[in-house]
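Structure record follows, encoded as structure tokens.
The values are calculated or read from the model by the stated rules, or taken from the named source; none is laboratory data. Note that the structure is predicted; figures quoted are calculated from it, not measured. Because the Cβ atoms are built from the backbone with ideal geometry, glycine has one as well, and the counts that use them run over all protein chains shown.
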Amino acid sequence: MRFDAVLLLSFGGPEGPEQVRPFLDNVTRGRDVPPERLDEVAEHYLHFGGVSPINGINRALTESLRAELDLPVYFGNRNWAPYVEDTVRSMRNDGIGCAAVFVTSAWSGYSGCTQYVEDIARARRVAGERAPELVKLRPYFDHPLFVEMFAEAIVNAAETVPEDARLVFTAHSIPVAADRGLGPNLYSRQVAYAARLVAAAAGYADYDLVWQSRSGPPHVRWLEPDVGDHLAALAGAGVKAVIVCPIGFVADHIEVVWDLDHELRSAATAAGVAFARAATPNADRRFARLAKDLIEELRDGREPTRVTGSDPVPGCGASVNGTPCGPPHCVAEVVSPARPTAGSR
């Protein structure tokens, strides 16, 4: 494949107090989320002045991509400006013929992969007859640079807490029924596999994997244990320090800076547990190099670059113009009233 541009496709986030509620309405449209739940989540954004870090991070990542690639780089979102539909129209007007699409999710599954495929298909419909070809790059949870960035972040975080700190990986929870429909358990297996690779690279033989940010009615089972419940259990068992690695997230957005840096850190302090949070890739230049390598895989027709551990987990392939991704396909998750997210998918 030959590309003449790159599209960075992400989730989006508000950039002022007046944008918070319209943004959340966009995220939850058609999902029957109670207004009081939206009010609660809105307060998380307002705690930071109504500004999600995600758009600023992605603009910086766009600059990193431009510095790494000899191609024009465009930026579009699903839920807030710059909307992907507007971006793809601009690409059409600029005469772009074929673009690689790098999404801010490392995972397979509906929210992490298929929904971005749907975004691509919708944006091309809006752009019309001269819409550029859009090729979504594969999930990259086992790419060497993904593993390297998180492993280095753990090592750096470990320097701020006692040596016997417990390593805890966390990722966004989804309903158990949804996870079972993915391969089966494709998403949770990918997260567990990536955690194993990263822990080994960071020098840890023992660690925990937990989940966060679940929502919906209590009778719907989600992936567990919850990160807050697990922290309480560790404190009860006498653990005095933790390193939390948000492996499920590639950027410091609200579910990182509120759920972990604010809520979980406060809970750790109250329990007398020293707390360190490993950094996410954000706009690290290596993240841009990772995207470049995914592009070169398709350009050169070579095998994907992966870290190979024991019992490797498959990932989806590329997707062209909003068609289903390569096997194993990301089937739709079971839909339940869910917590509005801010960039994790």
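Of everything in the stretch 30-85, what is aliphatic (A, V, I, L, M) and either assigned to a loop (DSSP other than H, G, I, E, B) or in contact with a strand residue (DSSP E or B) (Cβ under 7 Å, 6 or more places away or on another chain) (or both)? Give them in sequence order. Even if it seems obvious, please write down each step before you answer.
Of the residues in the stretch 30-85, the ones aliphatic (A, V, I, L, M) are 33, 38, 41-42, 46, 51, 54, 57, 60-61, 65, 67, 69, 71, 73, 81, 84.
Those that are aliphatic (A, V, I, L, M) and either assigned to a loop (DSSP other than H, G, I, E, B) or in contact with a strand residue (DSSP E or B) (Cβ under 7 Å, 6 or more places away or on another chain) (or both): 33, 51, 54, 61, 65, 69, 71, 73, 81, 84.
Does residue 258 satisfy being free of Cβ contacts under 8 Å to residues at least 60 places away in the same chain and either under 19 Å from residue 173 (Cα atoms) or surrounded by 19 or more Cβ atoms within 10 Å (Cβ to Cβ) (or both)? Don't jump to the end; show me each part of the working.
Details: free of Cβ contacts under 8 Å to residues at least 60 places away in the same chain: no; either under 19 Å from residue 173 (Cα atoms) or surrounded by 19 or more Cβ atoms within 10 Å (Cβ to Cβ) (or both): yes.
No.
Between a first residue in the stretch 174-202 that is assigned by TED's automatic domain parsing to the domain that holds residue 158 and a second residue that is of a type in the set (Ser, Thr, Tyr) and outside any helix (DSSP H, G or I), which pairs have beta carbons less than 6 Å apart while being 6 or more apart in sequence or on different chains?
175/336; 186/108; 199/207
Could you list all residues from the stretch 42-74 that are within 16 Å of the chain's Cα centre (by Cα) and touching a residue at least 60 places away in the same chain (Cβ under 8 Å)?
Those that are within 16 Å of the chain's Cα centre (by Cα) and touching a residue at least 60 places away in the same chain (Cβ under 8 Å): 52, 53, 54, 57, 58, 61.
Just a yes or no: is a residue in the stretch 246-255 surrounded by fewer than 20 Cβ atoms within 10 Å (Cβ to Cβ) and either within 19 Å of residue 161 (Cα to Cα) or not basic (Lys, Arg) (or both)? Working first, answer last.
Taking the stretch 246-255 first, the residues surrounded by fewer than 20 Cβ atoms within 10 Å (Cβ to Cβ) are none.
No, every residue in the stretch 246-255 fails to be surrounded by fewer than 20 Cβ atoms within 10 Å (Cβ to Cβ) and either within 19 Å of residue 161 (Cα to Cα) or not basic (Lys, Arg) (or both).
Could you run through the stretch 6-25 and say how many residues are under 25 Å from residue 137 (Cα atoms) and not aromatic (Phe, Trp, Tyr)?
Restricting attention to the stretch 6-25, the residues satisfying the condition of being under 25 Å from residue 137 (Cα atoms) are 6-13.
This time we only want the ones that are not aromatic (Phe, Trp, Tyr), so: 6-10, 12-13.
Qualifying residue count for the region: 7.
If you check 233, 241, 270, 278, which single one turns out to be surrounded by 22 or more Cβ atoms within 10 Å (Cβ to Cβ), farther than 21 Å from residue 41 by Cα and not hydroxyl-bearing (Ser, Thr, Tyr)?
Working: 233 fails: surrounded by 22 or more Cβ atoms within 10 Å (Cβ to Cβ); 241 fails: surrounded by 22 or more Cβ atoms within 10 Å (Cβ to Cβ); 270 fails: surrounded by 22 or more Cβ atoms within 10 Å (Cβ to Cβ).
Selected residue: 278, the only one of 233, 241, 270, 278 that is surrounded by 22 or more Cβ atoms within 10 Å (Cβ to Cβ), farther than 21 Å from residue 41 by Cα and not hydroxyl-bearing (Ser, Thr, Tyr).
Let me confirm something: among 33, 51, which residue is under 18 Å from residue 259 (Cα atoms) and of a type in the set (A, V, I, L, M, F, W, C)? I'd like the intermediate steps shown before the answer.
Details: 33 fails: under 18 Å from residue 259 (Cα atoms).
Going through 33, 51 in turn, just one is under 18 Å from residue 259 (Cα atoms) and of a type in the set (A, V, I, L, M, F, W, C): 51.
For the stretch 174-230, enumerate the residues that are at pLDDT 90 or above and polar (S, T, N, Q).
Listed by number, the residues that qualify are 185, 188, 190, 212, 213.
Name the residue, out of 104, 87, 62, 114, that is outside the structural domain of residue 205 (by TED's automatic domain parsing) and within 22 Å of residue 307 (Cβ to Cβ). Step through it out loud before you land on a result.
Details: 87 fails: within 22 Å of residue 307 (Cβ to Cβ); 62 fails: within 22 Å of residue 307 (Cβ to Cβ); 114 fails: within 22 Å of residue 307 (Cβ to Cβ).
Result of the check over 104, 87, 62, 114: 104.
Looking at the stretch 137-148, which of the residues that are in contact with a Leu (Cβ under 8 Å, 6 or more places away or on another chain) and not β-branched (Val, Ile, Thr) is nearest to residue 93 (Cα to Cα)? Lay out the reasoning, then the answer.
Taking the stretch 137-148 and keeping what is in contact with a Leu (Cβ under 8 Å, 6 or more places away or on another chain), we get 137-138, 140, 142-143, 145-147.
So of that shortlist, the ones also not β-branched (Val, Ile, Thr) come out as 137-138, 140, 142-143, 145-146.
Values: 137: 23, 138: 27, 140: 30, 142: 36, 143: 34, 145: 34, 146: 34 Å.
So, considering only residues that are in contact with a Leu (Cβ under 8 Å, 6 or more places away or on another chain) and not β-branched (Val, Ile, Thr), the one nearest to residue 93 (Cα to Cα) is 137.
State whether one or more residues within the stretch 75-83 are charged (D, E, K, R), under 28 Å from residue 262 (Cβ atoms) and in contact with a helix residue (DSSP H, G or I) (Cβ under 8 Å, 6 or more places away or on another chain).
First pass over the stretch 75-83, keeping only residues charged (D, E, K, R): 78.
Going one step further and asking which of them are under 28 Å from residue 262 (Cβ atoms), we end up with 78.
Next cut, in contact with a helix residue (DSSP H, G or I) (Cβ under 8 Å, 6 or more places away or on another chain) only: 78.
The answer is yes; a qualifying residue exists.
Here is a check on your reading of the model: is residue 49 assigned by TED's automatic domain parsing to the domain that holds residue 121, loosely packed, with under 14 Cβ neighbours inside 10 Å, modelled with pLDDT of 95 or more and on the phi > 0 side of the Ramachandran plot? Walk me through how you get there before you give the answer.
Numbers: assigned by TED's automatic domain parsing to the domain that holds residue 121: yes; loosely packed, with under 14 Cβ neighbours inside 10 Å: yes; modelled with pLDDT of 95 or more: yes; on the phi > 0 side of the Ramachandran plot: yes.
Considered against the rule, which asks whether it is assigned by TED's automatic domain parsing to the domain that holds residue 121, loosely packed, with under 14 Cβ neighbours inside 10 Å, modelled with pLDDT of 95 or more and on the phi > 0 side of the Ramachandran plot, residue 49 comes out as yes.
State all residues of the stretch 229-245 that are under 25 Å from residue 57 (Cβ atoms) and out of contact with any Phe, Trp or Tyr (no Cβ under 8 Å at 6 or more places or on another chain); if no residue qualifies, say none. Steps first, answer last, please.
Initially, the stretch 229-245 is screened for residues under 25 Å from residue 57 (Cβ atoms), giving 242-245.
Across the stretch 229-245, the qualifying residue is only 243.
Return yes when residue 263 is surrounded by fewer than 18 Cβ atoms within 10 Å (Cβ to Cβ), at pLDDT 95 or above and over 29 Å from residue 24 (Cα atoms) and no when it is not.
no
Output the residues belonging to the stretch 231-270 that are in a loop (DSSP other than H, G, I, E, B) and of a type outside the set (Phe, Trp, Tyr). If you could, list the steps in order and put the result at the bottom.
Going through the stretch 231-270, the residues in a loop (DSSP other than H, G, I, E, B) turn out to be 237-240, 246-253, 258.
Correct list: 237, 238, 239, 240, 246, 247, 248, 250, 251, 252, 253.
Name the residues in the stretch 81-110 that are surrounded by 24 or more Cβ atoms within 10 Å (Cβ to Cβ) and modelled with pLDDT under 95, would you?
Once the filter is applied, which keeps residues that are surrounded by 24 or more Cβ atoms within 10 Å (Cβ to Cβ) and modelled with pLDDT under 95, the stretch 81-110 yields 108, 109.
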